[in-house]
1. With respect to residue 156, determine if the residue is open to solvent by 40 Å² or more (accessible area, probe 1.4 Å) and part of a helix (DSSP H, G or I).
2. Cβ-Cβ under 7 Å, sequence separation 6+ or interchain: first residue in the stretch 122-137 and within 23 Å of residue 86 (Cβ to Cβ), partner assigned to a helix (DSSP H, G or I) and open to solvent by 60 Å² or more (accessible area, probe 1.4 Å). Which pairs?
3. Could you give me the residue pairs with C-beta distances under 6 Å whose first residue belongs to the stretch 221-245 and is farther than 25 Å from residue 76 by Cβ and hydrophobic (A, V, I, L, M, F, W, C), whose second residue is open to solvent by less than 20 Å² (accessible area, probe 1.4 Å) and assigned to a loop (DSSP other than H, G, I, E, B) wherever it lies, and which are 6+ apart or on separate chains?
4. For the stretch 115-133, how many residues meet the condition of being open to solvent by 40 Å² or more (accessible area, probe 1.4 Å) and of a type in the set (S, T, N, Q)?
5. Take residue 137 and decide whether it is open to solvent by less than 30 Å² (accessible area, probe 1.4 Å) and modelled with pLDDT under 80.
6. Scan the stretch 140-153 for residues that are assigned to a helix (DSSP H, G or I) and open to solvent by 20 Å² or more (accessible area, probe 1.4 Å) and jot them down.
7. With the condition being in contact (Cβ under 8 Å) with a residue 12 or more places away in the chain and open to solvent by 80 Å² or more (accessible area, probe 1.4 Å), I'd like the helices (runs of 4 or more DSSP H) fully within the stretch 15-114 carrying at least 3 qualifying residues.
Amino acid sequence: MLDGGHGVGLIVANIRNEAALLLRLIIGDQAWKVTCLSLGLGLLCLIAVYIFTAVQDGSPLAGKIAYKIDPGREGSMGEVVAYGLSFSACVLFLLASVENRSRVLLFASALLAFVWFDDSASFHENFGVYLSEQFVLPTFAGSRQRDTGELIAWMLAAAILGLLLLLALCRPRRGDMGVLALVSVGFGCLVFFGIFVDQLHSMAPSALYVPLVALEDGGEMLAIGCLTSLALGLVRHGKVYYEAFAGQRERTSSM
């Protein structure tokens with residue numbers, strides 16, 4: 001029998017190998033590389049144009065451009081781009097889930113569906129305001145009651161999504177954990193920018209609005225862009241990826 005430490009190490013090694021195989025399949029796809037590099041460069045250009053125009057105090061035209069694409073403003077071009085990316089990722093993960101019969105991919109689709117809903121409907125902001133109006137919430141380090149309400153909204157969403165993840169992991173396919181590891185990295189980046197940098201933004205002076213918006217909302221856009229790219233890669237190569245592990249369960253059980 002294997003000791004606990006060796007067993008955990010073996011699990012981690014398997015997950016790393018699965019994720020590495022998936023990345024090799026995806027990155028080796030020339031059409032995928034051109035598409036996703038174009039997407040990434042487009043997002044970086046959008047963020048750069050916003051920063052450049054937002055600091056041009058003496059130019060009315062630059063001010064109008066910055067206002068139109070401000071990724072931190074509701075309904076701006078930057079926000080609409082983020083909506084489109086998260087919705088696209090949701091649909092692509094769903095397609096990959098159906099094609100490969102993977103509950104983990106279905107969970108990834110639900111996760112991106114929530115990201116899209118939260119962004120487009122301002123769920124955690126609106127629910128945070130509602131909670132702060134209905135209850136006396138504690139505050140921390142100069143934060144507002146609505147900030148605490150937003151954290152509670154995130155915690156409720158995390159509980160529901162965590163339950164969906166547990167259901168997805170009840171009967172995982174070989175290869176699912178590699179996918180989940182990559183999705184977790186992308187979503188972890190999204191959480192960092194969407195929660196921690198957002199809290200920093202809410203407590204910072206207005207003079208730091210432009211750099212913090214670029215960091216927070218620009219970082220969110222890039223994280224969602226990475227998840228969308230992963231979903232696209234799974235649609236194109238998920239079948240080959242999962243077929244690579246098709247016989248391993250049977251070989252393991254017969255040993």
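The values are calculated or read from the model by the stated rules, or taken from the named source; none is laboratory data. Keep in mind that what you see is a predicted model, and the values were worked out from it rather than measured. Please note: Cβ atoms are built from the backbone with ideal geometry, for glycine as well, and neighbour counts cover all protein chains shown. For accessibility, only protein heavy atoms count, side chains too; no ligands or nucleic acids. Shrake-Rupley method; radii C 1.70, N 1.55, O 1.52, S 1.80 Å.
1. yes
2. Pairs found: 123/117; 128/146; 129/146.
3. Final answer for the pair search is 245/175.
4. 2
5. Details: open to solvent by less than 30 Å² (accessible area, probe 1.4 Å): yes; modelled with pLDDT under 80: yes.
Answer is yes for this residue.
6. If the condition is that a residue be assigned to a helix (DSSP H, G or I) and open to solvent by 20 Å² or more (accessible area, probe 1.4 Å), then 145, 146, 151, 152 are the ones that fit.
7. Working: elements: 30-54, 60-69, 77-100.
Qualifying helices (runs of 4 or more DSSP H): 77-100.
Rundown of residues vs (1) more than 15 Å from residue 218 (Cβ to Cβ); (2) under 19 Å from the mean Cα position of the chain (by Cα), yes/no style:
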site: 33; (1), (2): yes, no
site: 36; (1), (2): yes, yes
site: 47; (1), (2): no, yes
site: 59; (1), (2): yes, no
site: 67; (1), (2): yes, no
site: 70; (1), (2): no, no
site: 73; (1), (2): no, no
site: 78; (1), (2): no, yes
site: 85; (1), (2): no, yes
